[in-house]
Amino acid sequence: MSGKNNRRISKDEYFMNIAIEVSRRSTCTRRQIGAIIVSPHGEIKSTGYNGNPRGLPHCEEMGCIRDKLNIPSGTRLETCTAVHAEQNALIQAGTNAQGSTMYSTIVPCPICARMILNSQIVQVVFIGDYSDLSGLELLKQGGIKVTRLDKASFEGRLPH
């Protein structure tokens, strides 16, 4: 194979494409987010997407409480009943997250950033912005390598 359109994508692009696909499972009506945790050897340890905990109705069924209360993005996170994509990926990975890289379709919020720090993940790769960038600062302060991929490379693939 040859030609411009057959370029082999990087590992970061490969894993981010998987995180984007994972995000399509989200039941959040505001924003679909996906995250995966990848070992240093390139093995996917876990995946996660945002949505209500098991046993609770999905947001797409009951409507978004944050929208109903007019709560802006990045504020009063405790009001939302959903579990974040990063949190779900960390729960699934358990101690297997240590030393790994997390790929997230968005900048982690400050709560997720603290969980990422405690899980001993060594790198976070993301593409999307979040209204509160303090999570990004926490990751940097904690010595986690943070890499932003060019969002334009993924345009047309990202859900809402």
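The values are calculated or read from the model by the stated rules, or taken from the named source; none is laboratory data. Here the structure is a predicted model, which is why all the values come from computation and not from measurement. Quick reminder, even Gly has a Cβ in these numbers, built from the backbone with ideal geometry, and neighbours come from all protein chains shown. With ligands, DNA and RNA removed, areas are computed over all heavy atoms of the protein, side chains included. Shrake-Rupley method; radii C 1.70, N 1.55, O 1.52, S 1.80 Å.
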- Query: If the cut-off is a Cα-Cα distance under 19 Å, which aspartates and glutamates reach residue 45, setting aside same-chain residues fewer than 8 apart in sequence?
  - Reply: 12, 13, 21, 86
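Return the carbon/sulfur percentage of the accessible area of the chain, one whole number, probe 1.4 Å, all protein chains in place.
Working: 4400 of 8870 Å².
Of all accessible area on the chain, carbon and sulfur atoms account for 50 percent.
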- Item | Accessible-area ranking of 58, 41, 84, largest first, probe 1.4 Å | 41, 58, 84
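Report the charge-dipole magnitude of segment 4-65 in Debye, nearest 20, computed about the Cα centre from +1 at each Lys and Arg Cβ and -1 at each Asp and Glu Cβ. Walk me through the numbers before you get to the answer.
Details: 10 positive and 6 negative charges, 47 e Å.
Taking the Cα centre of segment 4-65 as origin, the dipole is about 220 debye.
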- Task: At 1.4 Å probe size, with no ligands or nucleic acids counted, give the accessible surface of residue 139 in Å², nearest ten.
- Result: 0
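Counting other Cβ atoms within 10 Å, which trypsin sites (Lys or Arg not before Pro) in segment 28-136 have at most 11 and lie in a DSSP loop?
On the way: sites: 30, 31, 45, 54, 66, 68, 76, 114; in loops: 30, 31, 54, 76.
Listed in order of number, the matching sites are 54, 76.
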- Note on the structure: Computed ³J(HN,Hα) along segment 22-32: with the Karplus parameters 6.51/-1.76/1.60, θ = phi - 60°, integer Hz and x for glycine or proline, the list is 4, 4, 5, 7, 4, 9, 6, 8, 8, 7, 8
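How large is the Kirkwood hydrodynamic radius of segment 34-160, counting all unique pairs of alpha carbons, in Å?
On the way: mean 1/r = 0.0661 Å⁻¹.
One over the average 1/r among Cα pairs gives 15.1 Å for segment 34-160.
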- Message: Need one number: % antiparallel among DSSP beta bridges in the chain, to the nearest 5.
- Response: 55
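Which whole-number value in Å² is the accessible area per residue of segment 1-158, probe 1.4 Å? The partial results should precede the final answer.
Working: 8730 Å² over 158 residues.
For segment 1-158, the solvent-accessible area averages 55 Å² per residue.
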- Item | Rounded to the nearest 10 Å², the accessible area of residue 67 at probe 1.4 Å | 80
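If you average the sequence gap of Cα pairs under 8 Å that are 6 or more apart and divide by the length of segment 58-160, what percent do you get for the contact order?
Relative contact order here is 23 percent.
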- Query: Whats the longest run of the chain with zero GluC sites (Glu not before Pro) that are DSSP loop and have at most 14 other Cβ atoms within 10 Å?
  - Reply: 44-154
